[in-house]
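Structure first, commentary second.
The values are calculated or read from the model by the stated rules, or taken from the named source; none is laboratory data. Worth saying up front: this structure is predicted, and the values here are computed from it rather than measured. Every residue, glycine as well, gets a Cβ built from its backbone with ideal geometry; the counts of neighbours run over all protein chains shown.
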Amino acid sequence: MTAPLLIFGYGNPSRGDDALGPLLLQRLETLNLPHLELLTDFQLQVEHALDLQNRERVLFIDASISCTAPYAFSRLRPQKDASYTSHVMSPMAVLHAYQELYGKPPLTYFLKVRGKSFELGEPLSSEAAANLEAAFELLQKLCAKSSLPEWEQFVTVFDSSVLPR
């Protein structure tokens, strides 16, 4: 049976603050929540569209050097990437691939957690560690809420490029 909620944290644990997505999934895993599935990878690939099948809701989590601290939380819509490799594939492009294959994708959100240092071999920065704690608090609230209005109240980014029209 497919869990109704998929939380997908991605990033490279060997690159300092890029580990924020996988680290948040490790924290969530300790809660043993029955209604969700956790998935992690170094980067998004077109094959990840298959993981969205039969979901009610999906949440992507990634580190960001450009979002406001401690995090930005937004609702996503499908959008074709202008890139030509999977190395830079966005969550919106994964949704677009899903839409092309299967039709309307599940409700999808994006949690970007502010990071500072992304160098190979660096540990998590103190700023990112503080942002991780704030993001984990948000994740606990989201996992306890099931309705769309309850999730929508936490949206912090109202950007037309990442919101459904």
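Among the residues of the range 43-55, some residue qualifies, meaning at least one is modelled with pLDDT under 95 and more than 18 Å from residue 99 (Cα to Cα). The residues of the range 104-148 that are among the charged types (D, E, K, R) and either surrounded by 15 or more Cβ atoms within 10 Å (Cβ to Cβ) or not in a loop (DSSP other than H, G, I, E, B) (or both), listed by number, are 112, 114, 116, 122, 127, 133, 137, 141.
Name the residue that is farthest from the chain's Cα centre (by Cα), counting only residues in the range 2-26 that are assigned to a strand (DSSP E or B), crowded, with 22+ Cβ neighbours inside 10 Å and not β-branched (Val, Ile, Thr). Here the answer is 6. Taken as a whole, the condition of being in a helix (DSSP H, G or I), at pLDDT below 95 and small (Gly, Ala, Ser) applies to residue 93.
Rundown of residues vs (1) more than 15 Å from the chain's Cα centre (by Cα); (2) more than 15 Å from residue 110 (Cα to Cα); (3) of a type in the set (Gly, Ala, Ser); (4) in a loop (DSSP other than H, G, I, E, B), yes/no style:
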residue: 28; (1), (2), (3), (4): no, yes, no, no
residue: 33; (1), (2), (3), (4): yes, yes, no, yes
residue: 50; (1), (2), (3), (4): yes, yes, no, no
residue: 61; (1), (2), (3), (4): no, no, no, no
